[in-house]
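Asks: Dumping the structure here so I can ask a few things about it.
The values are calculated or read from the model by the stated rules, or taken from the named source; none is laboratory data. Since the structure is predicted, the reported quantities are computational estimates derived from the model, not experimental observations. Every residue, glycine among them, receives a Cβ derived from its backbone with ideal geometry; neighbour counts consider all protein chains shown. Ligands, DNA and RNA are stripped out before the accessible areas are found, and what is left, the full protein with its side chains, is counted by its heavy atoms. Shrake-Rupley method; radii C 1.70, N 1.55, O 1.52, S 1.80 Å.
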Amino acid sequence: MTLEKAPPGVDPLTPSVARMYDYFLGGKDHFAVDREAAEAINAISPDAKELARANREFLGRAVRHLIDQGVTQFLDVGAGLPTRDNVHEVALRHAPDSKVVYVDNDPMVLVHARAILADNPSTVVTDGDLREPGWITGHPEVRAHLDFSKPIAILLVAVLHFVTDDDEARRVVAEFRDAVVPGSHLVISHMSPGEAFGDDLAAGQKVYAKSSAGGITFRTHSEVLSLFDGFDLYEPGVVQISDWRPDDPVVQALTKSSSGAIGLAGVGRLDS
Ligand SMILES: C[S@@+](CC[C@H](N)C(=O)[O-])C[C@H]1O[C@@H](n2cnc3c(N)ncnc32)[C@H](O)[C@@H]1O
């Protein structure tokens with residue numbers, strides 16, 4: 001995509017975490033600044049692309065698991081640019097009555113998602129900021145599409161690390177938790193330091209500090225675990241994304257991130 005083709009409202013000069021992620025996934029919706037920033041991350045953490053792909057695969061497995069639990073309503077916050085196996089595609093394949101709300105604060109995501117999903121009655125695309133859960137859960141479009149008296153799956157996949165302050169990240173999750181009924185679910189994947197050196201983490205943080213997100217916080221296993229406060233975690237708990245209920249344990253083990261930062265993931269159920 002060239003600068004001339006930047007849709008109205010889209011800033012082609014600041015790296016966007018949505019477009020960087022699209023680049024990592026092999027998509028086409030990115031500008032030179034996004035590719036440069038993504039390559040800078042790649043230079044620090046050479047398995048960034050594998051991690052992005054493994055994260056998408058985790059998302060698909062988590063949605064299938066939720067459908068198996070009888071959940072058919074999805075609130076996907078920080079949904080990202082449409083790609084392969086989007087949440088509604090996986091959900092509708094397994095439960096045709098599924099309903100999905102996609103929320104993002106990136107103008108490019110909104111333009112593309114709205115264009116692609118305009119005629120899809122199972123989905124709604126809403127402009128919203130993760131840091132304002134009340135605004136999202138109270139949004140008329142969201143409430144018209146999802147029934148808040150029934151269980152909802154809240155998907156916060158590869159996005160909470162962009163809420164850099166720990167207290168704010170906990171507040172965000174708690175406010176979503178308080179907006180839904182028992183039987184609802186929470187899905188999180190989150191960047192974590194793993195075995196990465198402090199210098200590499202700092203270098204990565206510097207790249208994200210100049211991005212649309214304004215920064216990234218790598219949280220430890222216990223910090224990610226604590227975000228599930230009030231939820232009962234499904235086995236195997238909070239683990240590396242490729243270790244969360246892999247379809248093929250052998251392949252997953254071979255493709256597991258071995259250097260640099262890692263992604264952690266878990267799925268929890270809200271009990272009364
Ligand atoms: C790395 S992508 C993840 C996309 C998708 N959830 C996935 O895991 O495949 C992060 C997405 O979160 C969005 N995002 C970042 N900060 C956000 C915020 N404060 N509110 C809403 N969306 C946000 C970005 O625009 C981007 O689309």
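Asks: Take the residues of segment 91-109 that are of a type in the set (A, V, I, L, M) and within 15 Å of the chain's Cα centre (by Cα): which is surrounded by the fewest Cβ atoms within 10 Å (Cβ to Cβ)?
Replies: Result: VAL109.
Asks: Of the numbered conditions (1) away from the ligand (no atom under 15 Å from the Cβ); (2) of a type in the set (Ser, Thr, Tyr); (3) crowded, with 17+ Cβ neighbours inside 10 Å, SER149 satisfies every one except a single condition; which is it?
Replies: Among (1) away from the ligand (no atom under 15 Å from the Cβ); (2) of a type in the set (Ser, Thr, Tyr); (3) crowded, with 17+ Cβ neighbours inside 10 Å, SER149 violates only (3).
Asks: Would segment 140-151 turn up any residue that is without any contact (Cβ under 8 Å) to a residue 12 or more places away in the chain, over 14 Å from the mean Cα position of the chain (by Cα) and outside any helix (DSSP H, G or I)?
Replies: No; the residues of segment 140-151 include none that is without any contact (Cβ under 8 Å) to a residue 12 or more places away in the chain, over 14 Å from the mean Cα position of the chain (by Cα) and outside any helix (DSSP H, G or I).
Asks: Looking only at segment 178-208, how many residues end up being touching a strand residue (DSSP E or B) at 6+ places or on another chain (Cβ under 7 Å), part of a loop (DSSP other than H, G, I, E, B) and among the aliphatic types (A, V, I, L, M)?
Replies: 1
Residues are listed down the side, and each one gets a yes or a no for (1) touching a Lys or Arg at 6+ places or on another chain (Cβ under 6 Å); (2) farther than 19 Å from THR83 by Cβ; (3) not basic (Lys, Arg):
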| site | (1), (2), (3) |
| --- | --- |
| MET20 | no, no, yes |
| TYR23 | yes, no, yes |
| VAL33 | no, yes, yes |
| GLU36 | no, yes, yes |
| ILE41 | no, no, yes |
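Asks: What tally of residues in segment 224-239 results from selecting those that are in a strand (DSSP E or B) and farther than 11 Å from LEU186 by Cα?
Replies: 1
Asks: Among the residues of segment 74-81, is any aliphatic (A, V, I, L, M), under 30 Å from GLN205 (Cα atoms), open to solvent by less than 60 Å² (accessible area, probe 1.4 Å) and touching a His at 6+ places or on another chain (Cβ under 8 Å)?
Replies: For segment 74-81, residues aliphatic (A, V, I, L, M), under 30 Å from GLN205 (Cα atoms), open to solvent by less than 60 Å² (accessible area, probe 1.4 Å) and touching a His at 6+ places or on another chain (Cβ under 8 Å): present.
Asks: Same structure again: When residues of segment 204-217 are filtered for being under 18 Å from VAL159 (Cβ atoms) and either touching a helix residue (DSSP H, G or I) at 6+ places or on another chain (Cβ under 6 Å) or of a type in the set (D, E, K, R) (or both), how many remain?
Replies: 8
Asks: Let me ask something else. Say we look at segment 40-56 and pick out the residues that are assigned to a helix (DSSP H, G or I) and among the polar types (S, T, N, Q); which of these is nearest to the ligand (Cβ to nearest atom)?
Replies: It comes out as ASN55.
Asks: Another question about this same structure. Please identify the pairs in which a residue from segment 166-186 that is exposed (fewer than 14 other Cβ atoms within 10 Å of the Cβ) has its Cβ atom under 7 Å from the Cβ atom of a residue that is aliphatic (A, V, I, L, M), counting only partners at least 6 apart or on another chain.
Replies: Short answer, once both residue conditions are applied: PRO182/LEU270.
Asks: Moving on. For GLU175, are the conditions met, namely being of a type outside the set (A, V, I, L, M, F, W, C), more than 10 Å from the ligand (Cβ to nearest atom) and touching a strand residue (DSSP E or B) at 6+ places or on another chain (Cβ under 8 Å)?
Replies: no
Asks: A further question follows. Return the residues of segment 106-139 that are near the ligand (Cβ under 10 Å from one of its atoms), assigned to a loop (DSSP other than H, G, I, E, B) and closer than 20 Å to ALA174 by Cβ; say none if nothing qualifies.
Replies: Correct list: GLY128, ASP129, LEU130, ARG131, GLU132.
Per-residue answers, yes or no, for (1) in contact with a helix residue (DSSP H, G or I) (Cβ under 8 Å, 6 or more places away or on another chain); (2) at pLDDT below 95; (3) farther than 21 Å from GLY128 by Cβ:
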site	(1), (2), (3)
ASP147	no, no, no
ILE154	yes, no, no
LEU160	yes, no, no
VAL163	yes, no, no
ALA179	yes, no, no
LEU186	yes, no, no
GLY198	no, yes, yes
ALA202	no, yes, yes
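Asks: Which pairs turn up if I take residues in segment 189-216 that are open to solvent by less than 60 Å² (accessible area, probe 1.4 Å) and look for partners that are within 10 Å of the ligand (Cβ to nearest atom) and among the polar types (S, T, N, Q) with beta carbon separation below 8 Å, at least 6 apart in sequence or on another chain?
Replies: Close Cβ pairs (under 8 Å, with a partner that is within 10 Å of the ligand (Cβ to nearest atom) and among the polar types (S, T, N, Q)) amount to SER189/ASN55; SER211/SER16.
Asks: With the structure loaded, tell me whether VAL71 is touching a residue at least 12 places away in the same chain (Cβ under 8 Å) and not in a loop (DSSP other than H, G, I, E, B) or whether it fails that test.
Replies: The answer is no for VAL71.
Asks: What residue, of LEU92, LEU75, LEU59, LEU66, is within 11 Å of the ligand (Cβ to nearest atom) and of a type outside the set (Gly, Ala, Ser)?
Replies: LEU59
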